[in-house]
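Colleague: Encoded as structure tokens, here's the structure I'll be asking about.
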Amino acid sequence: PRTNSSHTHVMANTKPQQLDRARELRKADTAAEQRLWEHLRNRRLANLKFVRQLPIDPYIADFACRSEKLIVEVDGATHSSAEEFAYDQARTSFLERNGWKVLRVWNAEVFTNRDGVLETILHAAGKM
């Protein structure tokens, strides 16, 4: 079997309760996450391998491409409060310090500008 060192590193630090929470989030994804996943799954976007709800202790990323160290977060209205904004900033800082690129898109963008969102993801992954 093929191993991916970044996958091993991420999973080695994952707590069982985080894995359970990630499974719950995959079952309860938003309509925007479902729509974006249709374009990211099965290497549909430039042959990039994305996974959903990847635990990266202490956080869980909406979508992650391990090979490019790219995280895509789909944000809704709850991310506009001052408290959520501060949490998102701290989370992004942590992930970036650990070598990840973090791309945030709004739910509405996934529906109204899907092609633009996909282009932005490709650009962030260095595929454009």
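Colleague: Determine whether segment 94-106 contains at least one residue that is at positive phi and either in a loop (DSSP other than H, G, I, E, B) or surrounded by fewer than 19 Cβ atoms within 10 Å (Cβ to Cβ) (or both). Outline the logic, then answer.
Modeller: If we filter segment 94-106 for residues that are at positive phi, which is where we start, we get 99.
Those left that are additionally either in a loop (DSSP other than H, G, I, E, B) or surrounded by fewer than 19 Cβ atoms within 10 Å (Cβ to Cβ) (or both): 99.
Yes, the conditions are met somewhere in segment 94-106.
Colleague: Restricting to segment 107-128, name every residue that is under 15 Å from the mean Cα position of the chain (by Cα) and at pLDDT below 95.
Modeller: Of everything in segment 107-128, just one residue is under 15 Å from the mean Cα position of the chain (by Cα) and at pLDDT below 95, namely 107.
Colleague: Scan segment 75-90 and give yes if some residue there is modelled with pLDDT of 95 or more, more than 22 Å from residue 34 (Cα to Cα) and open to solvent by less than 60 Å² (accessible area, probe 1.4 Å), otherwise no. Reasoning before the result, please.
Modeller: In the first step, residues of segment 75-90 are kept if they are modelled with pLDDT of 95 or more; the result is none.
No, segment 75-90 contains no residue that is modelled with pLDDT of 95 or more, more than 22 Å from residue 34 (Cα to Cα) and open to solvent by less than 60 Å² (accessible area, probe 1.4 Å).
Colleague: Would you mention how many residues in segment 40-56 are open to solvent by 50 Å² or more (accessible area, probe 1.4 Å) and over 11 Å from the mean Cα position of the chain (by Cα)? Talk me through it step by step, then tell me what you get.
Modeller: Initial filter on segment 40-56 (open to solvent by 50 Å² or more (accessible area, probe 1.4 Å)): 41-44, 46-47, 49, 52.
Now drop any that are not over 11 Å from the mean Cα position of the chain (by Cα), which leaves 41-44, 46-47, 49.
Final tally of qualifying residues: 7.
Colleague: Can you name the condition, by its number, that residue 122 falls short on among (1) open to solvent by less than 50 Å² (accessible area, probe 1.4 Å); (2) more than 14 Å from residue 33 (Cα to Cα); (3) not polar (S, T, N, Q); (4) not in a helix (DSSP H, G or I)?
Modeller: (4)
Colleague: State which residue pairs qualify: first residue closer than 16 Å to residue 68 by Cβ and inside segment 90-101, second residue among the hydroxyl-bearing types (Ser, Thr, Tyr) and open to solvent by 30 Å² or more (accessible area, probe 1.4 Å) in any location, beta carbons under 8 Å apart, and separation of 6 or more residues or different chains.
Modeller: Close Cβ pairs satisfying both conditions: 95/59.
Colleague: Return yes or no: is residue 110 assigned to a strand (DSSP E or B) and either touching a residue at least 60 places away in the same chain (Cβ under 8 Å) or under 22 Å from residue 37 (Cβ atoms) (or both)?
Modeller: Working: assigned to a strand (DSSP E or B): no; either touching a residue at least 60 places away in the same chain (Cβ under 8 Å) or under 22 Å from residue 37 (Cβ atoms) (or both): yes.
Criteria not met by residue 110.
Colleague: Okay, next question. Within the group 70, 25, which residue is in contact with a strand residue (DSSP E or B) (Cβ under 9 Å, 6 or more places away or on another chain), surrounded by 14 or more Cβ atoms within 10 Å (Cβ to Cβ) and modelled with pLDDT of 95 or more?
Modeller: Working: 25 fails: modelled with pLDDT of 95 or more.
From the options 70, 25, the qualifying one is 70.
The values are calculated or read from the model by the stated rules, or taken from the named source; none is laboratory data. Note that the structure is a prediction, hence the values are computed from the model and not measured. Neighbour counts are summed over all protein chains in view; Cβ atoms, including those assigned to glycine, are modelled from backbone coordinates with ideal geometry. These accessible areas exclude ligands, DNA and RNA; they are computed on the full protein's heavy atoms, side chains included. Shrake-Rupley method; radii C 1.70, N 1.55, O 1.52, S 1.80 Å.
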